[in-house]
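A.B. asks: Here's a structure for you.
The values are calculated or read from the model by the stated rules, or taken from the named source; none is laboratory data. Treat the numbers as computed from the prediction; the structure is a model and nothing was measured. Note that each Cβ is placed from the backbone with ideal geometry, even for glycine, and that neighbours are counted across all protein chains shown.
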Amino acid sequence: MPRTTPIRKHFRAGGAGEVIRFAVGECSLGSILAASSAKGVCAILMGDDPAALVRDLQDRFPKAELIDGDRDGERVITQVVGFIESPRLGWKLPLDVRGTAFQQRVWQVLREIPAGQTTNYTAVAQRIGSPKAVRAVAGACAANAIAVAIPCHRVVRTDGSLSGYRWGVERKRQLLDRESAG
């Protein structure tokens with residue numbers, strides 16, 4: 001039986017023993033929730049219904065102590081909204097990235113794509129050394145819970161067209177337009 005690393009064990013534990021601070025705000029893309037653990041930002045969720053975003057966070061971290069809207073949570077949401085509105089300013093907050101080893105490899109490649117540029121699923125699969133794992137790369141993008149900081153919106157189809165985006169294709173288009181205009 002394979003050994004579980006502390007990171008993977010912690011990931012599977014649903015946030016047991018952790019304090020996660022979060023805040024919900026509004027930006028030009030709709031409602032947004034930003035959450036942080038002691039290590040860094042662990043979730044950025046977007047949508048149209050703030051209550052649904054909170055439920056999503058609760059489902060992700062069912063065993064964590066969730067603290068809503070304290071000073072730290074408000075500071076993080078302000079910085080996240082600022083980044084969304086002006087992506088060329090760059091991401092400056094630490095991340096607490098949770099996922100499988102494969103997902104983390106994909107997400108690391110995505111974080112290396114400069115604002116205003118795109119790549120495709122096939123190129124990402126090749127870059128991580130798994131050229132036949134195109135569908136798995138798409139799955140890793142879909143599983144990403146740290147929107148914009150892990151820029152899965154920068155991954156497009158091979159022909160350059162936009163494909164599905166966990167937070168909605170229109171949000172993906174707006175993020176890409178904003179980055180290329182910068």
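A.B. asks: Quick check on this structure: which one of Ile84, Ile150 is in contact with a Leu (Cβ under 7 Å, 6 or more places away or on another chain), modelled with pLDDT of 95 or more and under 20 Å from Ala43 (Cα atoms)?
C.D. replies: The match here is Ile150.
Results for (1) touching a residue at least 40 places away in the same chain (Cβ under 8 Å); (2) outside the structural domain of Ala34 (by TED's automatic domain parsing); (3) within 18 Å of the chain's Cα centre (by Cα), shown as yes or no for each residue.
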{"position": "Val106", "(1), (2), (3)": "no, yes, yes"}
{"position": "Val109", "(1), (2), (3)": "no, yes, yes"}
{"position": "Thr119", "(1), (2), (3)": "no, yes, yes"}
{"position": "Thr122", "(1), (2), (3)": "no, yes, no"}
{"position": "Lys132", "(1), (2), (3)": "no, yes, no"}
{"position": "Ala136", "(1), (2), (3)": "no, yes, yes"}
{"position": "Arg154", "(1), (2), (3)": "yes, yes, yes"}
{"position": "Arg171", "(1), (2), (3)": "yes, yes, yes"}
{"position": "Asp177", "(1), (2), (3)": "no, yes, no"}
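A.B. asks: Could you tell me whether the range 106-113 includes any residue that is at pLDDT below 95, over 13 Å from Ile44 (Cβ atoms) and hydrophobic (A, V, I, L, M, F, W, C)?
C.D. replies: Within the range 106-113, one or more residues are at pLDDT below 95, over 13 Å from Ile44 (Cβ atoms) and hydrophobic (A, V, I, L, M, F, W, C).
A.B. asks: Does Asn144 meet the test of being of a type in the set (S, T, N, Q), outside the structural domain of Gly82 (by TED's automatic domain parsing), under 19 Å from Leu29 (Cα atoms) and free of Cβ contacts under 8 Å to residues at least 60 places away in the same chain?
C.D. replies: The answer is yes for Asn144.
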